[in-house]
Amino acid sequence: MIYPGSKTILEVRGLCASVSGTEILKGLDLTVKSGEVHAIMGPNGSGKSTFSKVLAGHSAYQVTAGSVLLEGKNLLDLPPEERARAGVFLAFQYPIEIPGVANSQFLRLTYNTVQTQRGKEELDPLEFDDFVREKMKLLEMSPDFLDRSVNEGFSGGEKKRNEILQMALLEPRLAILDETDSGLDIDALRIVSQGVNKLANKDNAMVLVTHYQRLLNYIVPDFVHVMDDGRIVKTGGKELALELEARGYDWVGAKHRGAAPKVVAKVAA
Amino acid sequence: MSAVTPVTATYLESLLAGQAQLAASPLAWLNTLRAAAVERVGVLTVPTLRDEDWRFTDISLLTKMSFHPLRTAINLQAADIERFHIAEAATRLVFVDGVFAPQLSNIDINSGVLVSNLAAGGAACAAHLGRHAEFHNNVFAALNTAFLHDGALIVVPRNISVATPIHLLFIATQKDVASYPRCLLLAESGSAVTLIEDYVALQEEAYFTNAVTEIVLADSARVNHVRVQREGAQGFHIANCAVSLARTSNYQSVSVALGARISRYNLNVQMAEGAECAVDGLALISERQLADTHTCIDHAQPHGVSRQLHKCIVGGSAHAVFNGKIMVRQGAQHTDSQQSSRTLLLTGRAQIDTKPQLEIFADDVKCTHGATVGQLDSEEVFYLQSRGLSDTAARNMLTYAFGAEIIDRIPITSLKQQLEQTVLEQTASQL
Ligand SMILES: Nc1ncnc2c1ncn2[C@@H]1O[C@H](COP(=O)(O)OP(=O)(O)OP(=O)(O)O)[C@@H](O)[C@H]1O
Ligand SMILES: [Mg+2]
């Protein structure tokens, strides 16, 4: 929701980033204020996930120009963990499986680490267990997922819910949800959206990367951006998403860039 | 075997010095066995990198040091060893520098199992001792046998299931001492037992543990064998374990190697018809440690099933070795064998030599094996960092998880927790 006089959470100016020598982001501008929900749409390969990972601080991407400020602080100077502690949260398009690490242990450790950094109290395992179960109810997640390894063997939709659960625990200032809706069935889409809506308030902001209007029926965006070839090429209100759904990307000048093979970076350990 | 070189002769002679002082046993067969072993020590040599079985494992450091048999036994108090207790184990046999310590031990007489010091062993002993862990061509097994005195003898009678684990605790307390732990477990048909073989130290200087374990499973017996090698940082640990499985018996083992400057574990598993085994291992080493595991699973008869997962976590400039031999003899049809070796190298200087060795002489079998060697997955590290964990905390967590897969297979909760804590501390200190 747009609140008059709200402060700027994210300010991206002329951001250029490349991966293994190839420039992907080519001068991206975006301003997000507290309370707002932004949607970023755009053809496959236009750089949406790259942008998300650059914000989260993935070391494979080199920022070659531009600036990113989070609440006035230079985000690009910080390692990923400090960005997370400062309030950046990325729900991954492809959440990683971590065999051998119990989800409960992972969630507690990340929660307590971030709490401590924010000068708050840690929770002991029992307190945390109560706390996390409450949050799981919100997402209609079975507590069984606490005992399993992080994302291991989770279905696509279960992984996405686990991402939102982490977001609910970490209470970010800026949440970037990269295609959280893809892979969700109709009920799950509603549940996850309701969860996200509960978490959205006037002090935080959401950036939703999505290909589909249906998510935006549940989480109504204040702004819709079209990304193409590493830039935001068009910005509008929620009606822009409907128009894109009806007319595709060609009319905004965005091109489909062929179906380049998609590689999920995952090196066998 | 090549001729005995002066260096190794001196070395073996020095190790053997004191053997003659060993009081003769009232058991004639034991004296005969010792004498046969002494004779083999006289013929054999200490292995070097030129021996196929030792080509990655440089033990010259061991041969440069001199060790002597125990002269004066130390009198430990119960409080000294309390921290090694395993809550679930009703029976605990404690050996201090190889010598049985009855005052520290506890034998649960209600368990239905016969547990005693080998030195008091009877006829059952004679039929098996030294018959499974062969010392004819193995100088370390021969040395151990030459010094045979105390040891753990466990006989599980027919169809008896022992409810609680039996804990064998071998404690090294004195520098420069060579000790010779020995264990014989006889699981009679249809019986079931869990054995914990645990090597610890109360001192940080150099010493030498040379252990031999023999485990004999009669038809349909079940043995869970947990082996924890947590020797002192300057200790040397060489162990031979021979397991003999009769028809449809089942042997499950998890061995964890954490300690010692240099360690070598040879595990030999003989499989009869329809026998099953799971042989898992974890070596977690750092600094300049060397940990070598050599296993041989010998499918001699049809319908055997073997599973093996061996993991190494190697930090510092440590060196891990794994050689996993799977033998499927002619006639061992329908053998089903899986082996996997996975290694995590934490530094650029860490080193692994891993070698599967399949020797298959039967045609209708299912045998798979695989080996991976890698570093931590950078995407996994990033994922954890993006949730606020430092690079170090993320790496710790992933390293720990890698090892936990093996530790989780230990069927004793308190020991599992103890080891998980150790792994956590050890990984935290290296990164
Ligand atoms: N590690 C990499 N190496 C080489 N090229 C890469 C790498 N990562 C991303 N790219 C390329 O960068 C471009 C943008 O990819 P990105 O994943 O950001 O697109 P996207 O907009 O998220 O697409 P989608 O809608 O399919 O998720 C693609 O052409 C992709 O192939
Ligand atoms: Mg994407």
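Taking segment A:168-190 as the search range and keeping residues that are more than 14 Å from every other protein chain (Cβ to nearest Cβ) and in a loop (DSSP other than H, G, I, E, B), which one is farthest from ligand 2 (Cβ to nearest atom)?
The residue in question is A:Asp185.
Please go through segment B:399-431 and give me each residue that is within 7 Å of chain A (Cβ to nearest Cβ) and without any contact (Cβ under 8 Å) to a residue 24 or more places away in the chain, ordered by number.
Hits for segment B:399-431 are B:Ala401, B:Ala404.
Just checking, which of A:Glu81, A:Glu11 is of a type in the set (Asp, Glu), away from chain B (no Cβ under 14 Å) and either surrounded by 16 or more Cβ atoms within 10 Å (Cβ to Cβ) or more than 16 Å from ligand 2 (Cβ to nearest atom) (or both)?
So the residue among A:Glu81, A:Glu11 that is of a type in the set (Asp, Glu), away from chain B (no Cβ under 14 Å) and either surrounded by 16 or more Cβ atoms within 10 Å (Cβ to Cβ) or more than 16 Å from ligand 2 (Cβ to nearest atom) (or both) is A:Glu11.
Any idea which of (1) among the charged types (D, E, K, R); (2) at pLDDT 95 or above; (3) within 14 Å of ligand 2 (Cβ to nearest atom) is the one A:Arg257 doesn't satisfy?
Only one criterion in (1) among the charged types (D, E, K, R); (2) at pLDDT 95 or above; (3) within 14 Å of ligand 2 (Cβ to nearest atom) is unmet by A:Arg257, namely (2).
This table checks each residue for (1) over 14 Å from B:Phe100 (Cβ atoms); (2) without any contact (Cβ under 8 Å) to a residue 12 or more places away in the chain; (3) among the polar types (S, T, N, Q); (4) buried (at least 19 other Cβ atoms within 10 Å of the Cβ).
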| residue | (1), (2), (3), (4) |
| --- | --- |
| B:Gly112 | yes, no, no, no |
| B:Ala127 | yes, yes, no, no |
| B:Phe135 | yes, no, no, yes |
| B:Asn138 | yes, no, yes, yes |
| B:Ala141 | yes, no, no, yes |
| B:Ala146 | yes, no, no, yes |
| B:Val155 | yes, no, no, yes |
| B:Asn159 | yes, no, yes, no |
| B:Ala163 | yes, no, no, no |
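What number of residues within segment A:33-78 are more than 14 Å from every other protein chain (Cβ to nearest Cβ), within 16 Å of ligand 2 (Cβ to nearest atom) and of a type in the set (D, E, K, R)?
Qualifying residue count for the region: 1.
Grab the helices (runs of 4 or more DSSP H) fully contained in segment B:333-431, keeping just those with 3 or more residues being within 30 Å of B:Ala192 (Cβ to Cβ).
Correct list: B:391-407, B:413-430.
Sort out which residues of segment A:32-48 are within 22 Å of A:Gly66 (Cα to Cα) and open to solvent by 50 Å² or more (accessible area, probe 1.4 Å), and write them in order of number.
A:Lys33, A:Gly45
Please state which one of A:Asn201, A:Asn162 is closer than 25 Å to A:Asn112 by Cβ and either hydrophobic (A, V, I, L, M, F, W, C) or open to solvent by less than 30 Å² (accessible area, probe 1.4 Å) (or both).
A:Asn162
Can you tell me which condition A:Leu76 does not meet? The list is (1) among the aliphatic types (A, V, I, L, M); (2) more than 18 Å from the chain's Cα centre (by Cα); (3) more than 26 Å from A:Glu127 (Cβ to Cβ), and all the others hold.
Going through the list (1) among the aliphatic types (A, V, I, L, M); (2) more than 18 Å from the chain's Cα centre (by Cα); (3) more than 26 Å from A:Glu127 (Cβ to Cβ), A:Leu76 breaks only (2).
Can you name the residue in segment A:14-28 that is more than 6 Å from ligand 1 (Cβ to nearest atom) and either among the hydroxyl-bearing types (Ser, Thr, Tyr) or closer than 24 Å to A:Gln213 by Cβ (or both) and is also most open to solvent (accessible area, probe 1.4 Å) among such residues?
If we take residues in segment A:14-28 being more than 6 Å from ligand 1 (Cβ to nearest atom) and either among the hydroxyl-bearing types (Ser, Thr, Tyr) or closer than 24 Å to A:Gln213 by Cβ (or both), then A:Ser18 is most open to solvent (accessible area, probe 1.4 Å).
I'd like the residue in segment A:69-98 that is of a type outside the set (Gly, Ala, Ser) and within 16 Å of ligand 1 (Cβ to nearest atom) and, out of all such residues, is nearest to A:Val114 (Cα to Cα).
Here the answer is A:Leu90.
Considering only segment B:174-201, state which residues are in contact with a helix residue (DSSP H, G or I) (Cβ under 9 Å, 6 or more places away or on another chain) and within 26 Å of B:Leu419 (Cβ to Cβ).
Result: B:Tyr180, B:Pro181, B:Arg182, B:Cys183, B:Leu184, B:Ile196, B:Asp198, B:Val200.
Keeping to segment B:166-180, report how many residues are part of a loop (DSSP other than H, G, I, E, B) and surrounded by fewer than 24 Cβ atoms within 10 Å (Cβ to Cβ).
Adding up the residues that qualify gives 4.
For residues that are within 15 Å of ligand 2 (Cβ to nearest atom), modelled with pLDDT of 95 or more and out of contact with any Asp or Glu (no Cβ under 6 Å at 6 or more places or on another chain), tally how many sit in segment A:197-227.
Total meeting the criteria: 5.
Determine which single condition B:Gly388 fails, assuming it passes every other condition in (1) more than 14 Å from chain A (Cβ to nearest Cβ); (2) in contact with a Leu (Cβ under 8 Å, 6 or more places away or on another chain); (3) buried (at least 22 other Cβ atoms within 10 Å of the Cβ).
With respect to (1) more than 14 Å from chain A (Cβ to nearest Cβ); (2) in contact with a Leu (Cβ under 8 Å, 6 or more places away or on another chain); (3) buried (at least 22 other Cβ atoms within 10 Å of the Cβ), B:Gly388 is out only on (1).
The values are calculated or read from the model by the stated rules, or taken from the named source; none is laboratory data. This structure is a prediction, so every number in the text was calculated from the model and none was measured. Using ideal geometry, Cβ is built from the backbone for each residue, glycine included, and neighbour counts are taken over all protein chains shown. SASA here: full protein model, heavy atoms, side chains in, ligands and nucleic acids out. Shrake-Rupley method; radii C 1.70, N 1.55, O 1.52, S 1.80 Å.
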